[in-house]
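J.: Below is the structure I would like to discuss, written out as structure tokens.
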């Protein structure tokens with residue numbers, strides 16, 4: 001049985017190799033390291049703690065089952081996990097069941113909405129983040145919101161905002177750059 | 001575009017976020033990062049910034065998420081049958097409904113044994129149903145259809161396997177309901193109530209299919225008044241009903257009832273059609 005304190009000193013590449021060899025302790029180290037950040041990202045997209053935790057669990061399960069598809073030359077491990085988490089969250093949001101559940105729970109007077117506290121809040125109303133996103137121009141912030149939190153494609157954003165696709169592309173590129181500068 | 005132009009274009013950020021609409025552009029950058037050290041370095045920096053961005057709103061997940069994850073991983077390593085109905089991703093959505101406190105690995109429900117038990121129960125109840133339906137020619141047709149659907153038994157077992165996991169949650173309260181009219185045809189009716197999230201579930205065995213214009217409706221009797229808990233159709237697995245408000249659940253439902261209503265249900269029950277009643 002591997003000691004997790006020895007494991008945590010290994011490089012990410014080594015850890016992923018161990019995961020590929022079906023060593024659960026290696027995945028546990030990666031979970032401890034990245035789960036909190038991933039949960040934070042996901043929770044702001046799905047607005048329900050229970051669903052967010054489901055997504056987090058599915059993300060690491062997918063990482064375990066698809067470990068061989070991770071290529072260190074193509075980018076960092078966190079980015080790989082982040083994209084899995086984000087896509088899983090978007091699948092959930094777009095799933096018929098999620099939308100139906102939201103509708104059923106919202107429309108009847110006996111029941112709560114899925115997460116009454118979060119339902120009306122913009123995902124940006126979290127401590128520490130509010131300032132940063134508010135520093136973006138409103139239009140950039142809206143684009144980030146649609147793309148990042150709601151999973152719209154650029155074509156869908158163009159439709160939604162009645163904007164030419166070329167303009168959307170240009171503005172999105174500006175938006176992510178600005179956002180990045182705020183963190184640099 | 002020169003590397004510097006790429007860096008100030010915003011395209012690299014979109015590349016990392018997998019938001020480039022154009023797959024050709026993506027392949028282009030895949031190549032560039034191998035040949036242009038400036039671009040490779042910039043992409044790496046973007047990835048670091050992405051992580052720092054997320055760290056701003058880290059949230060510590062509850063311990064049970066990791067536990068369940070590691071249990072599923074352990075199970076997937078030791079599983080030898082390819083046809084295991086309790087596959088990891090299928091269970092995922094439901095395992096978080098289990099008890100929130102720490103469960104030692106030893107008391108983890110053995111899904112295969114449980115699924116096997118459910119198969120026995122399912123077969124037993126269909127055999128009993130066959131006995132009771134023997135006089136009814138129409139029901140005989142239903143029974144034949146049931147036999148022909150034996151390949152869907154695997155799906156049923158999977159659903160039951162998940163249900164059993166949920167039912168082992170010690171928070172769940174079980175309210176057994178009885179027939180109001182002695183000649184009613186169903187075998188058993190149970191309401192499961194989870195006081196920690198006010199979720200209601202219903203399990204009724206062999207409830208006859210109602211006429212097309214009618215539907216069964218569940219009611220919770222709260223403070224003497226019936227409250228709509230949702231309409232449902234006969235099913236062999238646990239049916240999720242409406243969730244109760246915190247107020248209704250604090251008052252504690254005194255009883256649960258099932259009536260037969262016009263399809264779609266009604267805001268008030270038709271008490272003459274009361275089929276099942278169970279006191280809390």
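J.: As a test of understanding, state the convex hull volume per residue of the range B:1-49 from its alpha carbons, in Å³.
T.: About 66 Å³ per residue, rounded to a whole number.
J.: Taking the Cα centre of each part, how many Å lie between the range B:5-32 and the range A:153-179?
T.: A separation of 15 Å, based on Cα centres.
J.: If you take each beta carbon of peptide A:68-80 and count the beta carbons of other chains within 10 angstrom, what is the mean?
T.: Going residue by residue through A:68-80 and averaging, the value is 3.
J.: By count of other Cβ within 10 Å, fewest leading, how are B:52, A:44, A:33 ordered?
T.: The order, fewest Cβ neighbours first, is B:52, A:33, A:44.
J.: Grab the eigenvalues of the alpha-carbon gyration tensor for the range A:139-184, scale each by 5, take roots, and send me the semi-axes largest first in whole angstrom.
T.: Taking √(5λ) for each Cα gyration eigenvalue gives 18, 11, 7 Å.
J.: Now, a different point. What is the mean number of Cβ atoms from other protein chains located within 10 Å of the Cβ atom of each residue in peptide B:65-76, rounded to a whole number?
T.: Mean shielding by partner chains, rounded to a whole number: 5.
J.: Next up: Counting other beta carbons within 10 Å of each residue's own, what order do B:273, B:35, B:259 fall into, fewest first?
T.: Starting with the residue having the fewest Cβ neighbours, the order is B:35, B:273, B:259.
J.: Cut-off is 10 Å between beta-carbons; in what order do A:149, B:172, B:256 appear when sorted fewest neighbours first?
T.: Neighbour counts put them in this order, fewest first: B:172, A:149, B:256.
J.: Would you mind getting the Kirkwood hydrodynamic radius of the range A:1-92 from its Cα pairs, rounded to one decimal in Å?
T.: 13.4
Since every read-out is calculated from the coordinates, none of them should be taken as a lab result. Just so it is clear, the structure is predicted and the values come from calculations on it, not from any experiment. As a convention, Cβ positions derive from the backbone with ideal geometry for all residues, glycine included, and neighbour counts pool all protein chains shown.
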